[in-house]
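The structure appears right after this line, and notes come after that.
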Amino acid sequence: MRDLVTGALGLVLAAVYYLAADALPVSLLSDAVGAAGVPKALAIGLGLLSAMLILRAVAARPTFRGTGSAADPWPHLQALGVVGLGAAYAALAPYLGYPVAVAALIGVTALYFGMRPSPRLVLVALAGAALFWGLFVKILGVAMPEGLWPRLIG
Amino acid sequence: MSALSVAWNALTSNWSIPAAFFGVVWGIIGGALPGISPSIAMALLLPFTYGLDPVTAVVLLASVYVGAEYGGSIPAILIRTPGTNAAAATVLDGFEMNRQGRGGEALGISLVSGLVGGLFGLAVLVLLTEPLARLALAFTPPAYFALGILGLSVIAGLGGGSLIKGLMAGILGLMIATIGTDPVSGVPRFTFGTPDLLNGVAPILVMVGLFAVSELMVQVTEPAWNRTERGAVRLKLPDWLTWKRMFKPHAIGSVIGTVEGITPGAGGTIAAFLSYNEARRWSKHPEEFGRGSVEGVAAPECANNVVTGTALVPLLGLGIPGSNSAAILLGGLLIHGLTPGPMLFERNPEVAYGLYGGLFVANIAMLLVGLVILTPCLWLVNRPKPYLMAFVFALIVSGVYAIDQSFFDVGLVLAAGIVGYGMRWMGLPVLPRVLGVVLGFLVESNYRRSLVLSGGDHMVFLEDPVALILLLCAVGLLAVTLVRELQAARGKSRLAP
C-alpha cells in the first residue's frame with residue numbers, strides 16, 4: 001500500500017516538476033542542454049521509476065491490513081506539531097528576540113515531549129537560553145535577532 | 001632529517017603547539033554545531049591571526065579544520081544531526097549504535113578512525129604533495145562530471161534493499177540541487193520569485209532537516225525512552241578485535257580520502273559516502289550496515305579525516321584552494337605575505353614544515369581532547385528525553401539561523417523535516433537523497449561546461465583519460481551492485497513459500 005502511495009506521489013511530483021521545468025525562460029546565453037534540460041531528464045527518470053514502483057506494488061498484490069499506526073492519524077499530527085513549534089519560533093523570534101524566543105522554544109518543546117510544568121523546567125529553559133545566547137552571540141559573534149526590546153527600552 | 005628539525009624549531013619557537021590545541025577545541029565546537037561549517041569556524045578566527053606570527057597563524061587555522069571535520073561526527077552519532085556535510089554518512093550506523101546503547105563505542109571508533117585518517121592524510125601530504133598536485137591539474141570539467149557520476153553510482157548500493165526506491169530518492173536529491181540560478185545561463189530555476197532560493201538550497205539544510213528534524217518528529221510519537229545502561233555512557237576505545245575489524249574500512253577510507261582530497265572541489269562528503277559504500281561491499285558482514293556496524297562508522301570517519309590532510313595538497317603544491325576551508329587557509333597565508341605553491345618550500349620552509357608539524361600536533365590534540373570531552377557528551381545525551389529533545393531543537397534552529405541569519409533557512413529545514421518524516425513512512429532511503437543534493441550541482445555544471453567546450457560533442461567524456469577511468473569505475477560499481485541485488489532477490493524468492 002505504501003509503495004502504491006509512494007509511486008503515485010512520485011508520478012505527481014514528476015509531472016509537476018516537468019511542467020515547471022518546461023515553463024523556465026530560455027536565455028540567450030543558454031547552451032545546447034539549456035536550463036530545463038537536466039530537470040526534464042530528472043522528471044522523466046522519476047516518472048519511470050514511480051511507474052515501476054506502482055507496477056511492482058500491484059504485482060505483489062499485498063493484503064492490506066489496517067494497522068494502528070497506519071489508520072490512526074494522531075501520531076502523524078503529533079509529529080507535525082514539532083514542526084509547528086519550529087514555525088512559531090521562526091515567526092515570533094524577530095519580535096521576541098533570540099534569548100526570549102529560544103527560552104520559550106526550550107520550555108514549550110520540553111512540555112510537548114511530556115515534561116510536567118515545574119519551576120525546574122523554567123530554570124532549565126532560562127539556563128538553556130543563556131547557554132545558546134552565550135555560545136552563538138558572545139563567542140561565535142552571530143547576529144541573532146534582538147526583537148522589539150531595544151526599541152521598547154531605549 | 002633537516003625538514004624534521006625545521007618543523008620542530010618552527011613549532012617550539014612560538015605558540016604553535018598551544019594554538020594547535022586551541023584550534024582543535026574551537027574546531028570541534030564549530031563542527032559539532034549544525035550550521036557552523038569547518039570553513040566558518042576557521043573564518044571566525046581569521047581576524048585574530050593578524051597579530052600572530054605566520055607559523056602559529058597557519059597552524060591555528062589548520063587545527064580548526066582538523067577539529068571541525070572530526071567534531072561533525074559527535075552530534076551525528078549522539079543526536080542524529082550531522083554537524084558537517086561529511087558527517088552525514090556517519091549518522092546511519094553511528095546513531096544506530098547509540099540507539100542500541102553503544103554510543104560510547106561509536107564515539108571511540110569515530111575518534112580513533114579520525115586519528116588514523118588524519119595521520120594518514122598528513123603522511124600523504126608530506127610525502128606526495130608534488131606528484132599528487134600534478135594529478136589535480138589533470139582534472140578538467142569532463143573529469144569532474146565523471147567524478148560526480150562515480151559518487152552518484154553509490155546510490156545504487158544505498159537503496160536499503162530497494163534499488164527503485166534508492167534511485168527515486170537520489171533523483172529527488174538531484175531535483176533539489178537544480179533549485180537556484182542555472183550554472184550556465186544564469187536563469188533562475190524553481191525559485192518562484194524568492195531571492196532566498198537564488199543561491200540554491202545548501203546541502204547542510206537538507207541534511208539537518210532530513211535527519212535531525214525528522215528524528216524529533218519520530219521521537220515525539222514514541223513515549224518510551226530507553227535509558228542507556230550506566231556502563232554505556234562512557235567513551236569506549238576499540239579493543240584488539242575491533243581494531244582488526246576496522247583495518248579494512250580504514251584502508252578503504254585512506255585510499256578514497258586521498259583521491260577525493262587532492263581533487264579540488266570533491267571534499268570529504270563524497271569521500272565519506274564512497275568509503276561507506278565500499279566498506280559495505282568488501283565487508284564480511286554487509287548485513288550489519290545500517291544496523292550499527294563498526295565498519296560503517298570507521299570507513300567514513302577515516303576517509304573524512306584523510307581529506308583534512310590531502311585537501312591541502314593542491315593548496316601547497318599549486319596554490320589552488322580545493323575547498324572553502326583551504327581557501328580560508330590560503331587567506332591566512334596571504335595575510336602574512338606568504339604565497340602558497342612550490343616556492344613556499346624554498347622561500348618559507350619554516351611555514352610549510354611548521355604546518356606539517358602543526359597538523360601532527362592537531363591530530364594528537366584531537367585524540368586527547370576527544371578523550372576528555374566525549375564522556376561528558378554521552379552524559380548530556382542521556383538526560384531526560386524532553387529536555388534533550390528541547391535542547392536539540394534549540395540547537396538546530398539556532399545553528400541553521402547562524403548560517404545566513406535567515407529565518408527562511410529555518411523554514412527550509414522544517415520543510416525538509418516533514419519530507420524526511422514522509423520518506424521514512426514511505427520507506428525511501430535518506431542517504432541517496434543527500435548524495436543527490438551534494439553532487440547535483442557538480443554533475444550538472446560540469447556536464448554542461450564540458451559540452452560547451454566540446455561544441456556539444458558527448459565523446460568528450462570518453463576522450464578525456466581521467467574522465468574515462470572514473471566513468472568505467474562508476475559502471476563497474478553499478479554492475480557489481482546490480483548483480484548483488486539480483487542475487488539477493490533470487491535468494492529471497494527461493495526462500496519464499
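The values are calculated or read from the model by the stated rules, or taken from the named source; none is laboratory data. Bear in mind the structure is a predicted one, so any value in this text is a computation, not a measurement. Every residue, glycine among them, receives a Cβ derived from its backbone with ideal geometry; neighbour counts consider all protein chains shown. For accessibility, only protein heavy atoms count, side chains too; no ligands or nucleic acids. Shrake-Rupley method; radii C 1.70, N 1.55, O 1.52, S 1.80 Å.
Note on the stretch B:463-492: residues that are surrounded by 14 or more Cβ atoms within 10 Å (Cβ to Cβ), of a type in the set (A, V, I, L, M, F, W, C) and over 27 Å from the mean Cα position of the chain (by Cα) amount to 0.
Checking each residue in the stretch A:86-115 for being facing another protein chain (nearest Cβ under 7 Å), without any contact (Cβ under 8 Å) to a residue 24 or more places away in the chain and crowded, with 17+ Cβ neighbours inside 10 Å picks out A:G86, A:Y89, A:A90, A:L105, A:I106, A:A110, A:F113, A:M115. Can you give me the number of residues within the stretch A:10-33 that are within 8 Å of another protein chain (Cβ to nearest Cβ), surrounded by fewer than 18 Cβ atoms within 10 Å (Cβ to Cβ) and in a helix (DSSP H, G or I)? Total satisfying the criteria: 1. Tallying residues that are under 24 Å from the mean Cα position of the chain (by Cα) and either more than 7 Å from chain B (Cβ to nearest Cβ) or more than 17 Å from B:V410 (Cβ to Cβ) (or both) within the stretch A:116-132 yields 3.
Residues in the stretch B:383-439 that are at the interface with another protein chain (Cβ under 9 Å from one of its Cβ atoms), in contact with a Ser or Thr (Cβ under 9 Å, 6 or more places away or on another chain) and of a type in the set (G, A, S): B:A390, B:A394, B:G399, B:G417, B:G422, B:G427.
Per this entry, B:L33 is counted among residues that are closer than 29 Å to B:V410 by Cα and at pLDDT below 80.
In the stretch A:34-59, the residues that are more than 7 Å from chain B (Cβ to nearest Cβ) form no Cβ pair under 6 Å with any partner that is open to solvent by 20 Å² or more (accessible area, probe 1.4 Å) and among the small types (G, A, S), whether six or more places apart or across chains. Using the structure shown, decide if A:L152 is more than 8 Å from chain B (Cβ to nearest Cβ), more than 20 Å from the chain's Cα centre (by Cα) and modelled with pLDDT of 90 or more. For A:L152, the condition - more than 8 Å from chain B (Cβ to nearest Cβ), more than 20 Å from the chain's Cα centre (by Cα) and modelled with pLDDT of 90 or more - is not met. The single condition among (1) modelled with pLDDT under 80; (2) surrounded by fewer than 24 Cβ atoms within 10 Å (Cβ to Cβ) that B:G322 does not meet is (2).
Among residues belonging to the stretch B:272-289 that are in a helix (DSSP H, G or I) and among the basic types (K, R), point out the one that is least open to solvent (accessible area, probe 1.4 Å). Checking each candidate, the answer is B:R281.
Does B:L338 fit the bill of being surrounded by fewer than 24 Cβ atoms within 10 Å (Cβ to Cβ), among the aliphatic types (A, V, I, L, M) and within 14 Å of another protein chain (Cβ to nearest Cβ)? Let's see the steps before the verdict.
Working: surrounded by fewer than 24 Cβ atoms within 10 Å (Cβ to Cβ): yes; among the aliphatic types (A, V, I, L, M): yes; within 14 Å of another protein chain (Cβ to nearest Cβ): no.
No.
For the stretch B:396-404, the condition holds for no residue, the condition being that it is out of contact with any Asp or Glu (no Cβ under 9 Å at 6 or more places or on another chain) and surrounded by fewer than 22 Cβ atoms within 10 Å (Cβ to Cβ).
Among the candidates B:L451, B:L435, the residue that is closer than 30 Å to B:L150 by Cα and without any contact (Cβ under 8 Å) to a residue 24 or more places away in the chain is uniquely B:L451. The condition of being part of a helix (DSSP H, G or I), crowded, with 16+ Cβ neighbours inside 10 Å and within 23 Å of the chain's Cα centre (by Cα) holds for A:A79.
The criterion of at least 2 residues that are more than 14 Å from chain A (Cβ to nearest Cβ), under 15 Å from the mean Cα position of the chain (by Cα) and more than 25 Å from B:N14 (Cβ to Cβ) is met, among helices (runs of 4 or more DSSP H) falling completely within the stretch B:28-91, by B:73-79. For the stretch B:104-120, the condition of being charged (D, E, K, R), touching a residue at least 60 places away in the same chain (Cβ under 8 Å) and surrounded by fewer than 22 Cβ atoms within 10 Å (Cβ to Cβ) holds for none of the residues.
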